[in-house]
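For reference, the structure is listed below as structure tokens.
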Amino acid sequence: MTTTLITGANKGLGYETARRLIAAGHTVYLGARNIERGTAAAAELGARFVQLDVTDDASVAAAVATVEADGAALDVLVNNAGIEVRSPEGEIIGAAELTADVMREVFETNVFGLVRVTHAFLPLLERSAVPVVVNVSSSLASLAHAGKGYPGAAYPVSKTAVNMLTVQFAKAFPRMRINAVEPGHTATDLNRHEGSQTVEQGAEIIVRMAQLGPDGPTGGYVDAAGPLPW
């Protein structure tokens, strides 16, 4: 049986990914900061809830202990938790208005949180016969496409960092399948439901890459149609 942990999974893309992987036979640990919402979501899906705040060392360590106590290796880690910070008026914060505090807040979840969780779960991933890590990125991370469309600064920069981390982790752990994925402009709370596609559409590439076998690609940056330009 495949054991999977998904961060930020009580709603949106994380929730839909959990639903699809449970249907595919995975035992899913649904990670969420909010205990009430996370417990309710896990009950709806038939997942196992684990309280997990990716910005907090103690919370992540407790989540590792919870998964380890069940006696299982971790086969799949989906680093899905992410935030976008806007102005008090709800405006996207561009480079002219960007502050170090905004950048730090976004990086704390999107980058440092990913590193914190991945590092903490590496021992359990290494116990798996076919360990897989899926890092949820964005097309906004592409340096080749920088400057087009979205005017924000902190979120794209954070996802560019996620892509580089993906490459470095893949290089360090060649037995693992570690990839960054772009789910597309999906309507979720993160973008105030301004996205142009559904969570069912967005989750497709996450679910696909979460089910890679030992000969699958690693160190890549892909969407549903294939590789993306870095």
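See the values below:
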quantity: Residue among Ile206, Ile178, Ile35 with the largest mean-square fluctuation in a Gaussian network model of the chain, springs linking Cα atoms under 10 Å; calculated: Ile35
quantity: Ratio Rg/Rh, restricted to segment 40-86 and using Cα atoms, in which Rh is the Kirkwood radius; calculated: 1.00
quantity: Accessible area of the chain belonging to carbon and sulfur atoms, whole % at 1.4 Å probe; calculated: 55 percent
quantity: Sequence of His119, His26 from largest to smallest accessible area, 1.4 Å probe; calculated: His119, His26
quantity: Contour excess over end-to-end distance, with Cα ends at Ile22 and Leu143 and 0.36 nm allotted per residue; calculated: 40.1 nm
quantity: Accessible area (Å², per residue) of segment 30-138, counting only protein heavy atoms and a probe of 1.4 Å; calculated: 45 Å²
quantity: Under the span-like rule (Cα at least 20 Å along the axis, Kyte-Doolittle mean at least 0.0), DSSP H helices of the chain; calculated: 154-172
quantity: Ordering of 42-51, 14-23, 120-129 by burial proxy (mean other Cβ atoms within 10 Å per residue, highest first); calculated: 14-23, 42-51, 120-129
quantity: Residue among Asn135, Gly31, Pro123 farthest towards the positive dipole end of the chain, charges placed on Cβ; calculated: Pro123
quantity: Nearest-0.05 FRET efficiency for Glu89 and Ala69, computed from C-beta distance (R0 45 Å); calculated: 0.50
quantity: Kirkwood-type radius of segment 1-51, with distances r between different C-alpha atoms, in Å; calculated: 10.1 Å
quantity: Over the chain: helical MRE at 222 nm, DSSP H runs n ≥ 4 each giving -39500 (n - 2.57), nearest 500; calculated: -12000 deg cm²/dmol
quantity: Dipole magnitude (debye, nearest 20) for the chain, charges at Cβ of Lys, Arg, Asp, Glu; calculated: 520 debye
quantity: Computed FRET value (nearest 0.05) for Ala62 with Ala225, which takes r as the C-beta separation and R₀ as 45 Å; calculated: 0.70
quantity: Within segment 125-152: backbone nitrogen closer than 17 Å to the Glu105 label point (7 Å, Cα to C-beta); calculated: 152
quantity: Exposure of Asp57 as accessible area (Å², to 10), given a probe of 1.4 Å and all protein chains; calculated: 100 Å²
quantity: Whole-Å semi-axes of the chain's equivalent ellipsoid (Cα gyration tensor); calculated: 26, 20, 17
quantity: Surface accessible to a 1.4 Å probe, Phe107 within the full protein complex, Å²; calculated: 40 Å²
quantity: Segment 43-119 - convex hull of alpha carbons, volume per residue in Å³; calculated: 132 Å³
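The values are calculated or read from the model by the stated rules, or taken from the named source; none is laboratory data. If you're wondering where the values come from, they're calculated on a predicted model, not measured in any experiment. Glycine gets a Cβ as well: all are built from the backbone with ideal geometry, and neighbour counts include every protein chain shown. The accessibility values were calculated without ligands, DNA or RNA, using every heavy atom of the protein model including side chains. Shrake-Rupley method; radii C 1.70, N 1.55, O 1.52, S 1.80 Å.
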